[in-house]
Amino acid sequence: IGFTTDPRMARSSPYPTDVARVVNAPIFHVNADDPEAVMYVCNVAAEWRATFHKDVVVDLVSYRRNGHNEMDEPMFTQPLMYKQIKKQKPVLQKYAEKLIAEGAVSRQEYE
């Protein structure tokens with residue numbers, strides 16, 4: 001089944017980052033659809049590493065819009081999930097709309 005196997009069937013843990021628990025590293029899970037949250041968590045992780053000189057893990061919780069590669073058709077193995085993914089706007093479009101609505105950038109600047 002490969003890359004679109006349900007995580008419950010493919011691993012012993014819900015998070016692929018659980019392996020970092022072996023070295024007692026903090027793990028920050030962050031929604032990859034939120035660029036500002038990603039930057040915040042990356043800054044916290046960088047500060048942690050600089051302060052404590054120890055490993056830290058950032059887990060970008062995300063999805064593949066088109067499956068693993070051009071040969072993968074995720075609708076075969078995850079039809080419900082990929083129907084929802086197809087409805088999602090791309091991150092750049094969502095973020096641009098947010099910034100335009102806030103007046104931080106104009107549509108022309110975005111284009």
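The values are calculated or read from the model by the stated rules, or taken from the named source; none is laboratory data. Computed from a predicted model, the values in this text were never measured in an experiment. All Cβ positions, even for glycine, are placed from backbone atoms using ideal geometry, and neighbour counts span all protein chains on display. What goes into the accessible areas is simple: the full protein's heavy atoms, side chains included, and nothing from ligands, DNA or RNA. Shrake-Rupley method; radii C 1.70, N 1.55, O 1.52, S 1.80 Å.
At a probe radius of 1.4 angstrom, the accessible area of the range 37-82 per residue rounds to 76 square angstrom.
Can you send over the carbon and sulfur percentage of the accessible area for the range 15-111, probe radius 1.4 Å, protein chains only?
Values: 4150 of 7350 Å².
Using a 1.4 Å probe with all protein chains present, the range 15-111 comes out at 56 percent carbon and sulfur.
At the residue level, residue 51 shows approximately 90 square angstrom of accessible surface with a 1.4 angstrom probe and all protein chains present. Evaluated on the chain, the Kirkwood hydrodynamic radius is 16.7 Å, with distances taken between all distinct Cα atoms. Residues 111, 102, ordered by accessible area of protein heavy atoms at a 1.4 angstrom probe radius and largest first, appear as 111, 102.
Report the calculated FRET efficiency for residue 62 and residue 21 (r = Cβ-Cβ distance, R0 = 22 Å), to the nearest 0.05. Write out the running numbers ahead of the final one.
Details: r = 21 Å, r/R0 = 0.95.
My answer for the efficiency is 0.55.
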